[in-house]
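Student: Attaching a single structure in structure tokens format; questions to follow.
The values are calculated or read from the model by the stated rules, or taken from the named source; none is laboratory data. If you're wondering where the values come from, they're calculated on a predicted model, not measured in any experiment. Cβ atoms come from the backbone with ideal geometry, glycine included; neighbour counts cover every protein chain shown.
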Amino acid sequence: MRILLTGGAGFIGSAVQDIYIQAGHEVAILDDFSTGNPAYIHPRSQVYRADLRDAAAVERIMQEWQPDVVSHHAAQIDVRFSVAQPAADAQMNILGSLHLLDAAVRIGVKQFIFASSGGACYGELQQIPAPETHPLQPISPYGIGKVTVERYLHFYHQTYGLPYVILRYANVYGPRQGMTGEAGVITAFIRAFLTGQTPVIYGQGTQTRDYIYVADVAQVNLQILGWPSPLTLNVGTGQETSVLELYELLRQLIPTKIRPQFLPARPGEVARSVLDISYARQVLGWQPQTSLVQGLQATLDWYRQVLQ
Ligand SMILES: NC(=O)c1ccc[n+]([C@@H]2O[C@H](COP(=O)([O-])OP(=O)(O)OC[C@H]3O[C@@H](n4cnc5c(N)ncnc54)[C@H](O)[C@@H]3O)[C@@H](O)[C@H]2O)c1
């Protein structure tokens with residue numbers, strides 16, 4: 001298949017790119033490299049350097065590449081930035097997505113895959129773990145952006161017949177992750193441990209997340225290609241881990257005597273987050289293959305290499 005992958009120079013997008021290319025698909029990446037890294041681009045990927053806020057550029061690229069599938073992973077992913085500058089966040093995450101959707105309809109894309117966020121869309125959980133039917137009550141502009149694009153997908157599907165898949169990711173972690181993301185705490189802890197700095201815990205460390213390894217996320221993206229629309233799937237592990245538990249797990253992998261520093265909890269972040277993944281299991285026969293300890297070890301090995 002011919003795939004246009006936005007955000008393909010980023011942490012998750014570049015892993016999705018690699019698995020697509022390995023499977024024999026043709027991939028073009030649309031990225032402005034604001035957080036993405038040119039080093040993560042596969043030699044077989046076509047690259048379009050462009051900003052999704054530039055509607056004319058998006059249109060030109062879509063017309064030129066004529067993808068069967070659009071996989072939309074580009075985003076402004078910093079929740080705190082979205083709280084501080086909601087308009088700038090919306091310009092990228094909402095308007096940028098609309099430019100892509102409009103162009104996708106015009107060229108007759110066969111599948112539009114959207115990287116959404118379980119943690120950010122569901123808000124404070126009323127049901128644990130949260131199924132796909134959980135109410136959408138985002139508590140940050142970042143989450144509002146994800147829910148809004150999901151609603152637009154429904155609209156474009158109803159009105160223009162655009163087929164779509166929404167993947168609601170839990171907290172993705174692994175090699176190549178930056179520190180601003182939703183699962184940035186793992187990267188932040190590893191960096192602090194490896195460089196002898198004091199790790200920071202916001203709040204009391206009792207907040208929980210569902211941490212999923214990036215290779216397992218890439219695998220879902222591969223399995224979902226060509227799947228009948230519309231479909232919304234949680235992509236997580238179904239396991240809840242607190243920041244303190246994570247800290248202890250990492251301390252066992254990287255022995256250290258450094259004590260963490262506790263700072264006030266940050267606005268726009270939920271107390272608990274864990275996704276029910278039984279639907280993805282049932283529909284796709286998919287389930288994560290990497291345990292948290294295995295994933296942390298692989299992430300640690302990668303950081304040891306890059307920080308050398
Ligand atoms: N990391 C997580 O835990 C997580 C969880 C849920 C959802 N997501 C979603 O998955 C996607 C990928 O996240 P990530 O963690 O890999 O982030 P990332 O920052 O590593 O990747 C985002 C990519 O988008 C590009 N980009 C940003 N703004 C752009 C613009 N205006 N035009 C073109 N390209 C632009 C960046 O350069 C980067 O390559 C995002 O949509 C994010 O919201 C991530």
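Student: Quick test for you: out of 87, 75, pick the one residue that is of a type in the set (Gly, Ala, Ser), in contact with a Lys or Arg (Cβ under 9 Å, 6 or more places away or on another chain) and within 18 Å of residue 140 (Cα to Cα).
Tutor: That would be 75, the only listed residue that is of a type in the set (Gly, Ala, Ser), in contact with a Lys or Arg (Cβ under 9 Å, 6 or more places away or on another chain) and within 18 Å of residue 140 (Cα to Cα).
Student: How many residues, within the range 23-37, are surrounded by fewer than 18 Cβ atoms within 10 Å (Cβ to Cβ), touching a strand residue (DSSP E or B) at 6+ places or on another chain (Cβ under 8 Å) and closer than 24 Å to residue 81 by Cα?
Tutor: Count: 1.
Student: Same structure, new question: Looking at residue 111, is it in contact (Cβ under 8 Å) with a residue 60 or more places away in the chain, closer than 30 Å to residue 266 by Cβ and crowded, with 18+ Cβ neighbours inside 10 Å?
Tutor: Considered against the rule, which asks whether it is in contact (Cβ under 8 Å) with a residue 60 or more places away in the chain, closer than 30 Å to residue 266 by Cβ and crowded, with 18+ Cβ neighbours inside 10 Å, residue 111 comes out as no.
Student: Here is a list: 55, 23. Which entry is of a type in the set (A, V, I, L, M), under 18 Å from residue 98 (Cα atoms) and more than 10 Å from the ligand (Cβ to nearest atom)?
Tutor: None of the others qualify; the one that does is 55.
Student: Just name the residue that is surrounded by the most Cβ atoms within 10 Å (Cβ to Cβ) out of those in the range 62-90 that are β-branched (Val, Ile, Thr) and part of a strand (DSSP E or B).
Tutor: Here the answer is 70.
Student: Okay, next question. When you scan the range 157-167, do you find a residue that is outside the structural domain of residue 188 (by TED's automatic domain parsing), in contact (Cβ under 8 Å) with a residue 24 or more places away in the chain, part of a helix (DSSP H, G or I) and more than 17 Å from residue 74 (Cα to Cα), even just one? Let's see the steps before the verdict.
Tutor: Kept after step one, since they are outside the structural domain of residue 188 (by TED's automatic domain parsing), are these residues of the range 157-167: 157-167.
Pick out the ones that are also in contact (Cβ under 8 Å) with a residue 24 or more places away in the chain and you get 157, 160, 162-167.
Within this subset, residues satisfying the condition of being part of a helix (DSSP H, G or I) are 157, 160.
Filter once more, so that each one left must be more than 17 Å from residue 74 (Cα to Cα): 157, 160.
Yes; the residues of the range 157-167 include at least one that is outside the structural domain of residue 188 (by TED's automatic domain parsing), in contact (Cβ under 8 Å) with a residue 24 or more places away in the chain, part of a helix (DSSP H, G or I) and more than 17 Å from residue 74 (Cα to Cα).
Student: Name every residue in the range 138-190 that is under 29 Å from residue 296 (Cβ atoms) and among the polar types (S, T, N, Q), in order of residue number.
Tutor: Correct list: 140, 171, 177, 180, 187.
Student: How many residues does the range 88-124 hold that are at pLDDT 95 or above and more than 10 Å from the ligand (Cβ to nearest atom)?
Tutor: Number satisfying all stated conditions: 19.
One line per residue, one yes/no per condition, for (1) hydroxyl-bearing (Ser, Thr, Tyr); (2) out of contact with any helix residue (DSSP H, G or I) (no Cβ under 6 Å at 6 or more places or on another chain):
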{"position": "190", "(1), (2)": "no, no"}
{"position": "204", "(1), (2)": "no, yes"}
{"position": "208", "(1), (2)": "yes, yes"}
{"position": "229", "(1), (2)": "yes, yes"}
{"position": "241", "(1), (2)": "yes, yes"}
{"position": "245", "(1), (2)": "no, yes"}
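Student: Just the residues that are out of contact with any helix residue (DSSP H, G or I) (no Cβ under 8 Å at 6 or more places or on another chain) and either loosely packed, with under 13 Cβ neighbours inside 10 Å or not in a helix (DSSP H, G or I) (or both), please, taken from the range 298-308.
Tutor: Those that are out of contact with any helix residue (DSSP H, G or I) (no Cβ under 8 Å at 6 or more places or on another chain) and either loosely packed, with under 13 Cβ neighbours inside 10 Å or not in a helix (DSSP H, G or I) (or both): 301, 305, 306, 308.
Student: Looking only at the range 275-297, decide whether some residue is surrounded by 13 or more Cβ atoms within 10 Å (Cβ to Cβ) and more than 22 Å from residue 238 (Cα to Cα).
Tutor: no
Student: Further, regarding this structure: Within the bounds of the range 47-61, is there any residue that is outside any loop (DSSP other than H, G, I, E, B), of a type outside the set (Gly, Ala, Ser) and surrounded by fewer than 15 Cβ atoms within 10 Å (Cβ to Cβ)?
Tutor: Yes, because at least one residue in the range 47-61 is outside any loop (DSSP other than H, G, I, E, B), of a type outside the set (Gly, Ala, Ser) and surrounded by fewer than 15 Cβ atoms within 10 Å (Cβ to Cβ).
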